[in-house]
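Below is one structure, written out as structure tokens; comments come after it.
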Amino acid sequence: MEVIRNHHQLQAYIERNKEMGKRIGFAPTMGALHQGHISLYQAARENNDLVVSSIFVNPTQFNNAEDLEKYPRTIEKDLQKLEASQLVDMVYLPSIEDIYPEKTLSKKYNFGGIENEMEGASRPGHFDGVGTVVEELFKQIKPDNAYFGEKDFQQLSIIRKLVQILNLPIKIHGVPIYREESGLAMSSRNERLNPELKDKAKIIYQVLQRIKEWAPSLSVQEIAHKVKEIFEQEKDMELEYITIADEENLQPTNAFSANKKYRAFIVVVVGGIRLIDNIALH
Ligand code: PAF
């Protein structure tokens, strides 16, 4: 596996491989790699000649300084995991200047409204930050295919919109959520949970499964009410939001309609750690 640490080296690598007609599959990450990331590489391995990843903790997508500071940075371990997986041909570790040559600021995007709900409302500016770094990485790496986890389903929708707005010839692939045995969605943030909190956090997926059973015979309001009640009884857990939204445009719904596909989106803060998950209701 090649490790590339700057933009110029990257350019030479990409040009060389493009000239040879290699198809590039790309999975960007912020490191603290886990099995969920490995599942992105496995998907990329299936229909590309080269699998490329990046590790870059992107400051502009954090709206909370403490969250950015506490984000796990485990680069040596990550490189070992990548090497051991034998799935990745090259990993790009850009410096801040490689991504933000001038100021470390986000561009402003209009993603047609999907940026305003849920994570967009809870974390102002988050999707502008994601859009900015992913646009830059796409321009530098020029992938044919790019892979994103469905855990961050709203992010996946934003990226689909981004390539459409920028007219980039990149196919975006959503990869199903990779769960621990307990059902907890794999996340770099799970590393910050102590064993007791991690055990408690498995309730998040159990609740999502209940929602799937309840919908659509219970109304959206009844479901939301039941979910709130469940979390009110849990110590060290705070429900930030439960939203049922149209899977197409991510607009929250107040009532199920038969010809649409819905997803339930949830954020729970467990012992101060913000965990996100979702489930398809179809
Ligand atoms: O999902 C992530 O890890 C990040 O949001 C991404 C896509 C790598 C952009 O920084």
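The values are calculated or read from the model by the stated rules, or taken from the named source; none is laboratory data. Keep in mind the model is a prediction, meaning the values are calculated, not measured. Positions of Cβ are backbone-derived with ideal geometry, glycine not excepted, and every protein chain shown enters the neighbour counts.
Give D152, D199 a once-over and let me know the one that is out of contact with any His (no Cβ under 6 Å at 6 or more places or on another chain) and closer than 22 Å to Y109 by Cα.
Step by step, each of D152, D199 is checked, and only D152 is out of contact with any His (no Cβ under 6 Å at 6 or more places or on another chain) and closer than 22 Å to Y109 by Cα.
How many residues does the stretch 245-278 contain that are β-branched (V, I, T) and crowded, with 22+ Cβ neighbours inside 10 Å?
Summing the residues that are β-branched (V, I, T) and crowded, with 22+ Cβ neighbours inside 10 Å in the stretch 245-278 gives 4.
Any residue that is outside any helix (DSSP H, G or I) and more than 19 Å from M30 (Cβ to Cβ) - is there at least one of those in the stretch 144-161?
yes
Can you confirm whether R210 is under 29 Å from D236 (Cβ atoms), part of a helix (DSSP H, G or I) and within 16 Å of the ligand (Cβ to nearest atom)?
Answer is no for this residue.
Look at the stretch 34-61 and say how many of its residues are aromatic (F, W, Y) and modelled with pLDDT under 95.
The total comes to 0.
Of all residues in the stretch 25-65, count the ones that are without any contact (Cβ under 8 Å) to a residue 40 or more places away in the chain, closer than 20 Å to M186 by Cβ and either hydrophobic (A, V, I, L, M, F, W, C) or in a loop (DSSP other than H, G, I, E, B) (or both).
3
Looking at this structure, is L68 surrounded by fewer than 20 Cβ atoms within 10 Å (Cβ to Cβ), in a helix (DSSP H, G or I) and in contact (Cβ under 8 Å) with a residue 40 or more places away in the chain?
When the stated conditions are applied, L68 does not pass them.
Please find, among E102, E135, E115, E119, the residue that is within 17 Å of the chain's Cα centre (by Cα) and more than 24 Å from I170 (Cα to Cα).
Residue meeting the stated conditions: E119.
How do the pairs read when you match residues in the stretch 138-164 that are acidic (D, E) with residues anywhere that are away from the ligand (no atom under 11 Å from the Cβ), using Cβ under 6 Å and keeping only pairs 6 or more apart or on different chains?
D144/R23; D144/I24; E150/G174; E150/P176; E150/I177
Considering only residues that are farther than 16 Å from F153 by Cα and either part of a helix (DSSP H, G or I) or among the small types (G, A, S) (or both), look in the stretch 166-187 and name the one that is nearest to the chain's Cα centre (by Cα).
Among them, the one singled out is G183.
Let me confirm something: among V88, V130, which residue is surrounded by 22 or more Cβ atoms within 10 Å (Cβ to Cβ), β-branched (V, I, T) and not in a loop (DSSP other than H, G, I, E, B)?
After applying the criteria, what remains is V130.
Can you find, within the stretch 258-279, the residue that is nearest to E240 (Cα to Cα) among those that are in a loop (DSSP other than H, G, I, E, B) and at pLDDT 95 or above?
Looking at the filtered set, the residue picked out is G271.
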